[in-house]
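Let me begin by presenting the structure, written as structure tokens, before commenting on it.
Quick note: the coordinates plus some simple rules give every number you see, no bench work behind them. The model shown is predicted, which means the values in this text are computed figures rather than measured ones. Cβ atoms come from the backbone with ideal geometry, glycine included; neighbour counts cover every protein chain shown.
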Amino acid sequence: MSATQDLSSADAVKKLRELVKAGPTCMFASELTSIPFHVCPMETQQVDDQGNLWFFSGADSDHNAQIAIDPRVQLIFSNPGSYEYLTVFGEAEISRDAAKIDELWSKMVEAWFPSGKDDPNLRLVRVRPGIAHYWATKNGKAISLVTMLVAGMTGKVPDIGVTGDLKV
């Protein structure tokens, strides 16, 4: 059993940032009306003060082409080492904002865009969350495992987690 803790505004952005920082790679889904929808792993570069999630992406990527047609996306984050999970539904926008590229640039990004910040294929994707939901443990993985073990032996339903909506 989990407690519910819905968060909004600054508290929601803080929780979103905390969960993404702990596990920044997500499965980025686009073309949501297709079965199956398109999914690829993407590394979050930043959760800004407004709760927008930023990614680097190739202009020639399938998801960029799909976002140009339908900006709705679903991001699925998983941090199983800490039993933390997050899903974000929102709208994506493709950008070449030079100041933001400069702000987020790193050596790791350069591996994907060897021509540097001026690589003609380089794009940013900003996702504005519309609906976000998270699941997390109250006391970390180790205590949660012990709680589940005790619950299994006693027959009681374990209270190990917290779940809620994030209204950014």
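Order these peptides, 107-117, 56-66, by their mean beta-carbon neighbour count within 10 angstrom, highest first. Before the final figure, lay out the partial values.
Working: 107-117: 11.5, 56-66: 16.6.
Top to bottom by mean Cβ count within 10 Å: 56-66, 107-117.
Give the cross-link partners of K100 among the aspartates and glutamates, using a straight C-alpha distance below 19 Å as the criterion and excluding same-chain residues fewer than 8 apart.
E43, D48, D49, E91, E110, D118, D119
Starting at the first residue of region 110-126, write each ³J(HN,Hα) from the Karplus equation 6.51 cos²θ - 1.76 cosθ + 1.60 with θ = phi - 60°, in whole Hz, x for Gly and Pro.
Listing the rounded values in order: 4, 4, 8, 10, x, 7, x, 4, 9, 3, x, 8, 6, 9, 10, 10, 10 Hz.
From the Cα gyration tensor of region 16-105, with a ≥ b ≥ c the square roots of its eigenvalues, which class applies: rounded if a/c is under 1.5, or else prolate if a/b is larger than b/c, or else oblate? Please report the intermediate quantities before stating the final value.
Values: a/c = 1.91, a/b = 1.09, b/c = 1.75.
It is oblate, given that a/c is not under 1.5 and a/b is not larger than b/c.
First check a/c for region 65-113, with a ≥ b ≥ c the square roots of the eigenvalues of its C-alpha gyration tensor; if it is under 1.5, answer rounded, and if not, answer prolate when a/b is larger than b/c or oblate otherwise.
Values: a/c = 2.50, a/b = 1.20, b/c = 2.08.
Oblate shape, in that a/c is at least 1.5 and b/c is the bigger or equal ratio.
Using θ = phi - 60° and the Karplus curve 6.51 cos²θ - 1.76 cosθ + 1.60, what whole-Hz ³J(HN,Hα) does each residue of region 13-24 get, with Gly and Pro shown as x?
With the stated coefficients, region 13-24 comes to 5, 4, 5, 4, 4, 4, 5, 5, 4, 5, x, x Hz.
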